[in-house]
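What follows is a set of notes on a single structure, which appears directly below.
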Amino acid sequence: MAISNERLNIGNGINLNLIKTDKFKSNLVSLYMEMPLNRDMVTQNALIPLVLKRGTNKYNTTLEVERKLEELYGGQLSLNINKKGERHVLRFTIESPKGFYVDDEEYFYEVISFLKEIVYNPYVDDGGFKKEYVDQEKENLKRMIEGKINDKRSYAMTRCIEEMCKNEKYSIYEYGYVKDLDFIDNKNLYEHYKSILENSPIEIFYIGNYDNKMIDHIKNTFKIDRENITKIPREKITDAVQTKNMVYEDMQINQGKLVIGYRTGIPYEDNLYKALLVSSEILGGGPNSKLFRTVREKESLAYYINSKIYKYKSIMIIDAGIDFDKFEKTLEITRNQIDELKEGIFTDDDIEIAKKAIVTSLKSVTDSNYLISEFFLSQVLSNDNRSVDEMIEDILNVNREDIIEVANKINVDTIYFLKNENL
Amino acid sequence: MDKSIFKNNKINEELFFYESESGLKVYLMPKSGYMKKYAVFATQYGSNDNKFIPIGEKEAIEVPEGIAHFLEHKLFEEPDENIFDKFSEFGASVNAYTNFNQTAYLFSCTDNFYENLELLIKFVQNPYFTDENVEKEKGIIAQEIKMYEDNPGWKVFFNCLTGMYHNHPVKTDIAGTVESIRKIDKEILYTCYNTFYHPKNMVLFLVGDISFEEVVKVVDSSEKKDIKLDVEEITRIYPEEPKEIKEKYIEEKLVTSIPIFIIGFKDDELGLEGKELVKREIVTNILLEMLFGKSSKFYQELYSEGLIDASFGGQYVGHKNYGHSIVAGQSYKPEVVLERINTYLEEIRNEGLNEEDFERIKNKDIGSNIMGFNSVEFIANNFINYFFLDFLFLDYLDVYDSISFEDALNRFNKHYRKDNYTLSVIKPV
């Protein structure tokens, strides 16, 4: 099914993207604010969604916010912040059942207005956010940052990227740093949010049913007059290995986590980028991949081993959970598999299978309203006008020579191993 | 041949049903306009079914812990082809999972659905175990077990189960232990397979933009033909489980930034099936949301005091022969959270629950479930789970019509008591 995106400019730096579809039983609105990923702002940015969720001008307390959502037929509100390349993106999403299913055709206007309350009318007290809320959320953010170690796999991946990109903004942790929290208070945080509202590019996505009246309502609800919109520079990427290091870290764990970071130097704008996606898929995409077949199926070394391309930075990360004494062996097999890729030792079937896997995941995007909004946002962030179908076409056009060419641009940069010194 | 169509106008969905010659029940929920097509082939056999009478025998046997999960891994093995490759060639991604009560094999794809379906039926119905391939799997599963050993959320949950249950197999880890899986060999795998993978003990569920006629054709032509049809019901043996919990408190140390906890309330109103079981589950979940959800005063109080964070919440799970509510979260003072919960429950015992809260939560639940029907994965996983509880998930929302505030009150008094809970805590090393 083709999905099309009608993009309307509704204010300086504010675009409304409309995706009409009958497929879902709900309507979904997502509003994204883009900010640069900067070391000095990151912690404040990360605190914003936590504080905004606590209360608005109209619904002063979280209790009121939550009860209002329940009245909106279980409307689901989610706010978060994510690193997308060297952008820090604030997301507000609300989703609730279509009027037909709850016998209330008009209530979605109220849902839109409620989202506006959360985004534009936070609870302000004495010229700042409510102090109590900010203090509590500072503590919660501190716990989130410290909680980085709880999921060992994602911790190891984060650490590898931190080490690998230590001289680049991309190494900045998306939830910020505990030591910054001392300098944040309810007033300076509110000032910071005002400047975000004033300067950030905003993309709004509406996925569901609508008519002209609804479009007008959304336009009027979200348009604001603004002057200077921040231009966020495109990430610098490099094929030159930056650190070339081996990092070991100890933790009291039962399974070692190996993460290897590679530079490819192939930007997403490059014609070869699509071949990079295919080659990473051949290497460590699914259960058919070279790494899965060797490291897991042949050698029984791991339960999971994966390879993934990070679009905005053009890096590739391979990660696996292995026994501590299998570090050298896993590394060697991985090295051999990449060498094989470079030498063209893979079958035409491998290429076809990799392409199909990518095509299936592209097609599946249209089955989830949330993924549709994430997909179009990613297109906006990368100035890419291609439709899903055009992207599929591009993937299908990748050939063996392209794959070998990109494989030869993959260079190992950082090897990270989380281990247990006592085992 | 038995064919029928069920409809639910409330959620605007249909369900096609057909029973094949071997006794396999096949259900299809059409989703027009969806690109993704999803199929699950599941057996009512999970980690809880560790003691049973093997098919064609008289004596019960007890098998090593983790065997249902081990079997799930090994079914992907075929004599002369790699099953992952076959699915990959058709652009499908194939997977499987084992839980306490079922093992499910599934794939999702956008193209070549019927070819993939044929593959799914054939590989699940064709076990191929050798000494060598069984040995090889032990290393892989050992790594899977170790991965979970480092997961504080998983550990705190299983510790809570071992605190609540004396004997019931739900307290043992689904994958078993590195030691228990060593005892597994191909003979015992075949015994389990032959007993539990009979079509009569299985269900095939499909969801997506799929033709029912085609499905019937594929099932008829692909399913195994030389299957003995007059088989007896499987006898599963569960140990006697006392109503009381085993231990009040369990603590372990792992790498975590903050202590995490689960309070488990053990259910002793057991033996329900079908709609009654589902009704009890919904009532209990509404109650948990009323008591501990984000829109409760209790949640907001503890949150403001920094005793809990957004991870706090509760959930009830109920099966035919066991059930429990869990209330989970992270806190620097789990013991204080428990104390507050106790005081709070005592207050409610004296003052009662609020009917407005009940209505609000009930409506919210209905809305959330309607939205769930956007996702083929949500539909499929729930369908399988409820099917083995003798309930058609299509009618899930209708159960809400039969639930009243009185049901919630009754349930509260019986289930949230002072003597039936375990506190499990994982503290930082």
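The values are calculated or read from the model by the stated rules, or taken from the named source; none is laboratory data. Quick caveat: nothing in here was measured; it's all calculated off a predicted structure. For neighbour counting, all protein chains shown are included, and Cβ atoms are generated from backbone atoms with ideal geometry for every residue, glycine included. All accessible areas refer to the heavy atoms of the entire protein, side chains included, with ligands and DNA or RNA removed. Shrake-Rupley method; radii C 1.70, N 1.55, O 1.52, S 1.80 Å.
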A:Asp319: passes all of (1) more than 9 Å from chain B (Cβ to nearest Cβ); (2) touching a helix residue (DSSP H, G or I) at 6+ places or on another chain (Cβ under 7 Å); (3) part of a helix (DSSP H, G or I) but (3)
Any idea which of B:Leu389, B:Leu397, B:Leu423, B:Leu338 is closer than 18 Å to B:Phe298 by Cα and open to solvent by less than 30 Å² (accessible area, probe 1.4 Å)? B:Leu338
Only residues that are within 19 Å of the chain's Cα centre (by Cα), crowded, with 16+ Cβ neighbours inside 10 Å and farther than 30 Å from B:Lys36 by Cβ: list them for region A:1-42, please. A:Met33, A:Met35, A:Pro36, A:Leu37, A:Met41, A:Val42
Say we look at region A:241-275 and pick out the residues that are of a type in the set (D, E, K, R) and within 14 Å of chain B (Cβ to nearest Cβ); which of these is nearest to A:Glu168 (Cα to Cα)? A:Glu249
From B:Gly91, B:Gly139, residue being at pLDDT below 95, within 11 Å of another protein chain (Cβ to nearest Cβ) and part of a loop (DSSP other than H, G, I, E, B): B:Gly91
Among the listed residues B:Ile237, B:Ile210, identify the single one that is in contact with a strand residue (DSSP E or B) (Cβ under 9 Å, 6 or more places away or on another chain) and buried (at least 20 other Cβ atoms within 10 Å of the Cβ). B:Ile210
For the structure I just gave you, tell me whether B:Ser222 is away from chain A (no Cβ under 14 Å), touching a residue at least 24 places away in the same chain (Cβ under 8 Å) and more than 28 Å from B:Leu28 (Cα to Cα). no
Of the conditions (1) farther than 28 Å from B:Gly91 by Cα; (2) buried (at least 19 other Cβ atoms within 10 Å of the Cβ); (3) out of contact with any strand residue (DSSP E or B) (no Cβ under 9 Å at 6 or more places or on another chain), A:Lys236 clears all except one; give me its number. (2)
Helices (runs of 4 or more DSSP H) contained entirely in region A:360-423, each with at least 2 residues that are crowded, with 17+ Cβ neighbours inside 10 Å and not aliphatic (A, V, I, L, M): A:369-381
Testing B:Trp154 on (1) more than 13 Å from chain A (Cβ to nearest Cβ); (2) open to solvent by 10 Å² or more (accessible area, probe 1.4 Å); (3) aromatic (Phe, Trp, Tyr), one condition comes back false. Which one is that? (1)
Any chance region A:340-355 includes a residue that's open to solvent by 20 Å² or more (accessible area, probe 1.4 Å), closer than 30 Å to A:Lys25 by Cβ and not in a helix (DSSP H, G or I)? no
Residues in region B:60-83 that are of a type outside the set (Val, Ile, Thr), out of contact with any Gly (no Cβ under 8 Å at 6 or more places or on another chain), under 20 Å from B:Asn167 (Cβ atoms) and part of a loop (DSSP other than H, G, I, E, B) total 1
Within region B:336-348, is there a residue that is in contact with a Ser or Thr (Cβ under 6 Å, 6 or more places away or on another chain) and either at pLDDT below 95 or more than 14 Å from chain A (Cβ to nearest Cβ) (or both)? yes
For region B:56-76, what are the residues that are crowded, with 19+ Cβ neighbours inside 10 Å and in contact (Cβ under 8 Å) with a residue 40 or more places away in the chain? B:Val63, B:Glu65, B:Gly66, B:Ile67, B:Ala68, B:His69, B:Phe70, B:Leu71, B:His73, B:Lys74, B:Leu75, B:Phe76
Go through the residues of region A:200-211 one by one and say whether even a single one is in contact (Cβ under 8 Å) with a residue 40 or more places away in the chain, outside any helix (DSSP H, G or I) and open to solvent by 50 Å² or more (accessible area, probe 1.4 Å). yes
Could you list all residues from region A:54-72 that are more than 10 Å from chain B (Cβ to nearest Cβ), among the polar types (S, T, N, Q) and either under 16 Å from B:Asp309 (Cα atoms) or surrounded by 16 or more Cβ atoms within 10 Å (Cβ to Cβ) (or both)? A:Thr56
Grab the helices (runs of 4 or more DSSP H) fully contained in region B:356-429, keeping just those with 1 or more residues being within 14 Å of another protein chain (Cβ to nearest Cβ) and not β-branched (Val, Ile, Thr). B:376-387, B:396-399
Of the residues that sit in region B:2-52 and are in contact with a strand residue (DSSP E or B) (Cβ under 7 Å, 6 or more places away or on another chain), away from chain A (no Cβ under 14 Å) and in a loop (DSSP other than H, G, I, E, B), which one is surrounded by the fewest Cβ atoms within 10 Å (Cβ to Cβ)? B:Ser20
